[in-house]
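*Asks:* Please find one structure pasted underneath; my questions will follow.
The values are calculated or read from the model by the stated rules, or taken from the named source; none is laboratory data. These figures come from a predicted structure and were not determined experimentally. Every residue, glycine among them, receives a Cβ derived from its backbone with ideal geometry; neighbour counts consider all protein chains shown.
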Amino acid sequence: MDKLIIEGGRKLHGEIRISGAKNAALPLIAATLLIPGWHVIHNVPDLRDTRTILVLLESLGAIWKREGETLSINTETLNNLEASYDLVKTMRASILVLGPLLARMGKARVSLPGGCAIGARPIDFHLQALTKMGADLDLEDGYVSAFTDDGLSGATICFDVPSVTGTENILMAAVLAKGVTVIKNAAREPEVGNLVDMLISMGADIAGRDTDQLTIHGAKSLMPAEVTTIPDRIETGTYLIAVGAAGGEVTLKNCNPAHLPALLEKLRATGLIIKESVNSIFVSKPSIVHSIDIKTQPYPGFPTDLQAQLMALMSLSNGLSVITETIFENRFMHVAELKRMGAEIQINGNSAIVKGVKQLRGAQVMATDLRASASLVVAGLAAKGVTEISRIYHLERGYENMVEKLQALGARVSKEKD
């Protein structure tokens, strides 16, 4: 395994380009299973997770080729309807193949998913909705077996809480179902909107984009699509927060400020200088970072995927912060590692009370999940001395060329064998 070595205390300067969003690319790739033919997806990041789902599609019989940031995928020759445990265990988003396979082929067998250990993320929402749409489901030996004799039928689906992958899976199942499907309390994340755009370009009839109610009129057939993956708002937010911690002035290109309303509001409250254009953000750090409170919420609220990074920044603020996590019950695993670097953090239920310190110290730390890894990078960039982050395979699941991008900003960062 590899580790990241960061020599902290250097301000960041320059500009970098934000990659396509991992959490948008994965459902776009899964959606190619809906209809045979060549699909084209632009701005696809080359990450551990995108490689995993492409290997999964390959195992189902699809073929694909990559030219730079463009993927071409042909799902005409599907010859296997089972997503095996060996592939699905490393990435929860693999469950996204269930909806399109069931819609197109009438049956599928998918292993129960794995991935980051940040809490229970059950797929009950997916299964209950598919059952309501007429699927017969069987859970046995760690697999979901689903089939339907006469195709899926439209239904009214109401999620107890907004589920991003649940909304995406049912969207893909519904576009080929008979009749009308209504998804209430649907997730409103930009990544869901990106999938809606792709499905509409395939010929789907979907109303309610960017709202919490989606109405889908099932189509008899669809056609292959060409789509562009939206910029990664979590990568964007991570680099903005990194500048807040390490200092400096940075311009982020190929990003969408409109996708980060809650984060930009909070960062301005810390005193960071933020200047937005249509597809770029300039950020600079003042001498003092003010403490703020945050509470993670479904979009457009503060993203849970930026909570850990923001906690690293608040560890260097001028006061007391309360960070409340409402999405995942086990997403404070980075706290112990930040404390090894001198952060003063106390956990109280689903809240972390962070008392800012003047200086973090480099230390040997361990990544426990994808976004926790990013929080340790943020802390390491600001810390005095050298920080060694082990188990960075988590980081490589969601950040494309992070070492090279940070080096381009003047950071002293390198990857070594652990």
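*Asks:* I need the full set of residues from the range 374-414 which are closer than 20 Å to residue 247 by Cα and of a type outside the set (A, V, I, L, M), in order please.
*Replies:* 375, 380, 384, 385, 387, 404, 405, 407, 410, 412, 414
*Asks:* Here's another thing I want to ask about it. Where in the range 328-402 are the strands (runs of 3 or more DSSP E), entirely inside, with at least 3 residues that are surrounded by fewer than 22 Cβ atoms within 10 Å (Cβ to Cβ) and in contact (Cβ under 8 Å) with a residue 24 or more places away in the chain?
*Replies:* Fully inside the range 328-402 and qualifying: 351-355, 386-390.
*Asks:* Could you pull out the residue among 340, 361 that is out of contact with any Leu (no Cβ under 6 Å at 6 or more places or on another chain), under 24 Å from residue 284 (Cα atoms) and not hydroxyl-bearing (Ser, Thr, Tyr)?
*Replies:* Values: 340 fails: under 24 Å from residue 284 (Cα atoms).
So the residue among 340, 361 that is out of contact with any Leu (no Cβ under 6 Å at 6 or more places or on another chain), under 24 Å from residue 284 (Cα atoms) and not hydroxyl-bearing (Ser, Thr, Tyr) is 361.
Per-residue answers, yes or no, for (1) under 13 Å from the mean Cα position of the chain (by Cα); (2) modelled with pLDDT under 95:
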position	(1), (2)
1	no, yes
13	no, no
22	yes, no
27	yes, no
40	no, no
50	yes, no
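*Asks:* Have a look at 303, 231 and point out the one that is within 30 Å of residue 39 (Cα to Cα) and within 17 Å of the chain's Cα centre (by Cα).
*Replies:* None of the other options fit; the residue is 231.
*Asks:* Here's another thing I want to ask about it. Regarding residue 165, is this residue surrounded by 17 or more Cβ atoms within 10 Å (Cβ to Cβ) and within 20 Å of residue 21 (Cα to Cα)?
*Replies:* Criteria met by residue 165.
*Asks:* While we're looking at this one, here's another question. Filter the range 403-418 down to the residues that are hydrophobic (A, V, I, L, M, F, W, C) and either under 21 Å from residue 21 (Cβ atoms) or assigned to a loop (DSSP other than H, G, I, E, B) (or both) and list them by number.
*Replies:* Answer for the range 403-418, where residues must be hydrophobic (A, V, I, L, M, F, W, C) and either under 21 Å from residue 21 (Cβ atoms) or assigned to a loop (DSSP other than H, G, I, E, B) (or both): 403, 406, 408, 409, 411.
*Asks:* Quick check on my filter: what residues within the range 61-84 are crowded, with 20+ Cβ neighbours inside 10 Å and over 22 Å from the mean Cα position of the chain (by Cα)?
*Replies:* 62, 75, 81
*Asks:* Wholly within the range 1-98, which helices (runs of 4 or more DSSP H) include no fewer than the required count, namely at least 3 residues that are closer than 27 Å to residue 378 by Cβ and not charged (D, E, K, R)?
*Replies:* So the answer is 22-31.
*Asks:* A follow-up question, please. Taking the range 351-369, which residues are modelled with pLDDT under 95 and either among the aromatic types (Phe, Trp, Tyr) or under 16 Å from residue 310 (Cβ atoms) (or both)?
*Replies:* 369, the sole residue that qualifies.
*Asks:* Six or more apart or on different chains, Cβ atoms under 7 Å: show the pairs whose first residue is in the range 279-297 and at pLDDT 95 or above and whose second is of a type in the set (Asp, Glu).
*Replies:* Partner pairs satisfying both residue conditions: 284/249; 296/325.
*Asks:* Something else: Those residues that are assigned to a loop (DSSP other than H, G, I, E, B) and hydroxyl-bearing (Ser, Thr, Tyr), I need them from the range 200-257; list them, please. It would help to see each step written out before you state the result.
*Replies:* Keep residues of the range 200-257 that are assigned to a loop (DSSP other than H, G, I, E, B), which gives 202-204, 208-212, 218-225, 229-230, 232, 247, 254-256.
211, 221, 229, listed by residue number.
*Asks:* If you scan the range 138-149, which residues turn out to be under 11 Å from residue 102 (Cα atoms) and without any contact (Cβ under 8 Å) to a residue 24 or more places away in the chain?
*Replies:* Within the range 138-149, none qualify.
Each row is one residue, and each column tells you yes or no for (1) surrounded by 23 or more Cβ atoms within 10 Å (Cβ to Cβ); (2) under 27 Å from residue 87 (Cβ atoms); (3) among the aromatic types (Phe, Trp, Tyr).
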{"position": "136", "(1), (2), (3)": "no, yes, no"}
{"position": "159", "(1), (2), (3)": "no, yes, yes"}
{"position": "174", "(1), (2), (3)": "yes, yes, no"}
{"position": "183", "(1), (2), (3)": "yes, no, no"}
{"position": "192", "(1), (2), (3)": "yes, yes, no"}
{"position": "210", "(1), (2), (3)": "no, no, no"}
{"position": "217", "(1), (2), (3)": "no, no, no"}
{"position": "220", "(1), (2), (3)": "no, no, no"}
{"position": "226", "(1), (2), (3)": "no, yes, no"}
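*Asks:* Can we say residue 410 is under 26 Å from residue 322 (Cβ atoms) and not β-branched (Val, Ile, Thr)?
*Replies:* Here the answer is no, as residue 410 does not meet what is asked.
*Asks:* Also, quick follow-up: Let me spell it out: the conditions are (1) modelled with pLDDT of 90 or more; (2) within 24 Å of residue 227 (Cβ to Cβ); (3) of a type outside the set (Gly, Ala, Ser), and residue 130 meets all of them except one. Which number is the exception?
*Replies:* Of the numbered conditions (1) modelled with pLDDT of 90 or more; (2) within 24 Å of residue 227 (Cβ to Cβ); (3) of a type outside the set (Gly, Ala, Ser), the odd one out for residue 130 is (2).
*Asks:* Follow-up. Quick one: residue 118 ticks every box in (1) closer than 30 Å to residue 395 by Cβ; (2) aliphatic (A, V, I, L, M); (3) touching an Asp or Glu at 6+ places or on another chain (Cβ under 9 Å); (4) modelled with pLDDT of 95 or more except a single one, so which number is it?
*Replies:* Only one criterion in (1) closer than 30 Å to residue 395 by Cβ; (2) aliphatic (A, V, I, L, M); (3) touching an Asp or Glu at 6+ places or on another chain (Cβ under 9 Å); (4) modelled with pLDDT of 95 or more is unmet by residue 118, namely (4).
*Asks:* Further question: When the residues of the range 4-47 are narrowed to those that are more than 28 Å from residue 341 (Cα to Cα) and among the basic types (Lys, Arg), which ends up surrounded by the fewest Cβ atoms within 10 Å (Cβ to Cβ)?
*Replies:* 17
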